[in-house]
Amino acid sequence: MLSQSLQDALNEQIKNEFYSAHVYLAMSSWFEDKGLPGFAKWMRVQYGEELEHGLKIFDFINDRDGRALVLGFDAPPADWKSPLDVFENSYAHEQKVTAMINNLYAIAQKEPDYATLVLMQWFISEQVEEEKSAKLIVDQLKLAGDSASAILILDRELGARAPADGDAT
């Protein structure tokens, strides 16, 4: 059974994961508006992953005889200056999520709650991938600079991203 403090922290993370999903959906819309469907698709797939992350924690709380809650959050940003600005924001957002996951791990370690530690280890590994992906695209966009042809090539490459099995996209 989950302690109340850990259950509260995990419910807060569900909210954060669903907020993250909405951030990526807003980014997808921005890219659609700019005529970059590949970038938009990449963000839409990311949206699905974040929903799955929230549901993973939701199910975990329920499986541990806790009470999963769906908490509200503010609307995400809707405008950015450029594709690079979007991905710099995405990378910074993932770094914040990593800090949140690390904090949850520390709470579970203090309890000690070994089942939650195992769950958080999965999220820690996932965040390594999330940060790596966002940083790589930031680096590629910096290399592309103002080259429209480079941006269009990257748009085509990002459009090839497929949802992972089980993603809600």
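Out of the residues in region 145-158 meeting the condition of being modelled with pLDDT of 95 or more and not in a helix (DSSP H, G or I), tell me which one is surrounded by the fewest Cβ atoms within 10 Å (Cβ to Cβ).
GLY145
How do the pairs read when you match residues in region 101-112 that are of a type outside the set (S, T, N, Q) with residues anywhere that are outside any helix (DSSP H, G or I), using Cβ under 7 Å and keeping only pairs 6 or more apart or on different chains?
Listed by first residue and then by second, the contacts come to GLU111/SER3.
How about region 60-82: which of its residues are touching a Phe, Trp or Tyr at 6+ places or on another chain (Cβ under 6 Å) and either over 27 Å from ALA40 (Cα atoms) or among the aliphatic types (A, V, I, L, M) (or both)?
Listed by number, the list holds a single entry, ALA68.
Condition test on GLU17, is it in contact with a His (Cβ under 7 Å, 6 or more places away or on another chain), part of a helix (DSSP H, G or I) and more than 13 Å from SER90 (Cα to Cα)? Before the answer, list the steps.
Numbers: in contact with a His (Cβ under 7 Å, 6 or more places away or on another chain): yes; part of a helix (DSSP H, G or I): yes; more than 13 Å from SER90 (Cα to Cα): yes.
So GLU17 passes the test.
Quick one: how many residues across region 1-26 are in contact (Cβ under 8 Å) with a residue 60 or more places away in the chain, within 12 Å of the chain's Cα centre (by Cα) and more than 15 Å from PHE123 (Cβ to Cβ)?
2
May I ask you to list the residues in region 102-144 that are crowded, with 16+ Cβ neighbours inside 10 Å and part of a loop (DSSP other than H, G, I, E, B)?
ASP113, the sole residue that qualifies.
So which residues in region 63-101 are crowded, with 16+ Cβ neighbours inside 10 Å and hydroxyl-bearing (Ser, Thr, Tyr)?
SER90, TYR91, THR98
Taking PHE73, is it on the phi < 0 side of the Ramachandran plot, out of contact with any strand residue (DSSP E or B) (no Cβ under 6 Å at 6 or more places or on another chain) and in a helix (DSSP H, G or I)?
Spelling it out, it is not the case that PHE73 is on the phi < 0 side of the Ramachandran plot, out of contact with any strand residue (DSSP E or B) (no Cβ under 6 Å at 6 or more places or on another chain) and in a helix (DSSP H, G or I).
Which of (1) in contact with a His (Cβ under 8 Å, 6 or more places away or on another chain); (2) part of a helix (DSSP H, G or I) is the odd one out, the single condition GLU50 does not satisfy?
With respect to (1) in contact with a His (Cβ under 8 Å, 6 or more places away or on another chain); (2) part of a helix (DSSP H, G or I), GLU50 is out only on (1).
Could you list, in sequence order, all residues of region 20-37 that are crowded, with 20+ Cβ neighbours inside 10 Å and in a loop (DSSP other than H, G, I, E, B)?
Correct list: LEU36 only.
The values are calculated or read from the model by the stated rules, or taken from the named source; none is laboratory data. Since we're looking at a predicted model, the values are computed, not measured. So basically every Cβ, Gly included, is an ideal-geometry build from the backbone, and we count neighbours across all protein chains shown.
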